[in-house]
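Data block below; observations after.
The values are calculated or read from the model by the stated rules, or taken from the named source; none is laboratory data. Just so it is clear, the model here is predicted, and its values are computed rather than measured. So basically every Cβ, Gly included, is an ideal-geometry build from the backbone, and we count neighbours across all protein chains shown.
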Amino acid sequence: MRTATWGESMNRNVRLLRLPRLCNEPIDGFMDKAEKAVMMAAAAKKLEELFDVLQIDHKNDHNMRDTPRRVAKMFVEEVLHGRYSEPPAITEFENVDRYDQLIVTGPIEVRSMCAHHLMPIVGEAYIGILPSPDGKIIGLSKYDRIVDYFSSRLQIQEELVSQIGNYIMDMTKPRGLGIRISAVHMCKTHRGVRASGASRMVNSAFYGDMLSSPELKNEFVQECLSLERHVR
Ligand SMILES: [Zn+2]
C-alpha cells in the first residue's frame with residue numbers, strides 16, 4: 001500500500017477538522033494556532049498548484065517565491081479570520097441614566113472580500129442604536145470590532161449588514177437598531193463594467209422600533225449623511 005504524501009495527509013487533516021460551512025458562516029468551533037498553521041500549509045500547497053495551472057513560475061520568480069505562503073496566511077489570519085476565530089468579547093455596562101435616545105456611531109471601516117469574485121469590498125458602516133432604558137449598553141469600540149469580525153469573511157453586502165445587525169440584537173437587546181453600509185465593490189470597478197471608484201452600494205437593515213418608525217429611520221439616515229460629510 002502506498003503511503004500518503006505530505007500534501008495528502010495535510011489535506012486529510014484539514015478535512016477532518018470540521019465540516020465545510022457557507023462562505024460567510026463560522027466553522028464549527030474555532031481553530032487554535034496549531035490548527036490554523038495546518039490549514040495555512042495546506043492552502044499554500046493548493047495555491048502553488050493554482051499558480052502552476054496559470055503557468056506562473058512561482059518557484060523561480062523572485063517576486064512570487066513566497067507568495068503561496070503569504071496568500072494562505074492572509075486568508076486564514078486576516079481576510080477570513082471571522083470564520084475561524086471567536087467573535088469579539090462584549091463588555092456590557094448598566095444603562096445607569098436610562099438613556100433611550102438614538103446613538104449613531106460611524107464611519108466604521110469596512111474591509112471585506114466579495115464571495116462572487118474574491119475582490120475587495122471597501123467602505124464604511126454606520127450603526128444607530130436605540131438603547132433599552134432598563135437594558136445594557138456596550139463600549140463604542142465594540143461596534144468597530146463587530147463590523148471587522150463579520151467583514152472578515154467572503155461576503156455579499158446584503159448578508160453582511162444582516163449578520164452585523166442580528167449579532168448586535170442578540171447580544172445587547174436594544175429597543176431599536178439600524179445598520180447602514182456604503183461600499184465600493186472592486187469586482188465592479190476593476191473588472192466587468194469597470195465602473196468608476198465613485199460607484200457605491202448603500203444598504204441598510206433595521207430592527208425593533210427603528211424598523212417600525214419612519215421618523216427614527218429618517219433621523220438615523222440624516223445622522224449618517226452628516227457623518228459621511230466629514231469623510232469626503
Ligand atoms: Zn463580486
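Computed quantities for the displayed model
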quantity	calculated
Filtered residues of segment 170-186 (kept if at pLDDT below 95 and among the hydrophobic types (A, V, I, L, M, F, W, C))	Met171
Those residues of segment 156-194 which are among the small types (Gly, Ala, Ser) and away from the ligand (no atom under 16 Å from the Cβ), in sequence order	Ser162, Gly165, Gly176, Gly178, Ser182
Subset of segment 86-105 [in contact (Cβ under 8 Å) with a residue 60 or more places away in the chain and within 23 Å of Asn218 (Cα to Cα)]	Asp100, Leu102, Val104
Subset of segment 99-133 (residues that are more than 12 Å from the chain's Cα centre (by Cα) and closer than 18 Å to Asp170 by Cβ)	Ile127, Gly128, Ile129, Leu130, Pro131, Ser132
Among (1) part of a loop (DSSP other than H, G, I, E, B); (2) touching a Lys or Arg at 6+ places or on another chain (Cβ under 7 Å) - the single one Phe206 does not satisfy	(1)
Residues that are surrounded by 15 or more Cβ atoms within 10 Å (Cβ to Cβ) and touching a residue at least 60 places away in the same chain (Cβ under 8 Å), drawn from segment 181-200	Ile181, Ala183, Val184, His185, Met186, Cys187, Arg200
Residue match in segment 135-149 (condition: modelled with pLDDT of 95 or more, among the hydrophobic types (A, V, I, L, M, F, W, C) and surrounded by fewer than 16 Cβ atoms within 10 Å (Cβ to Cβ))	no
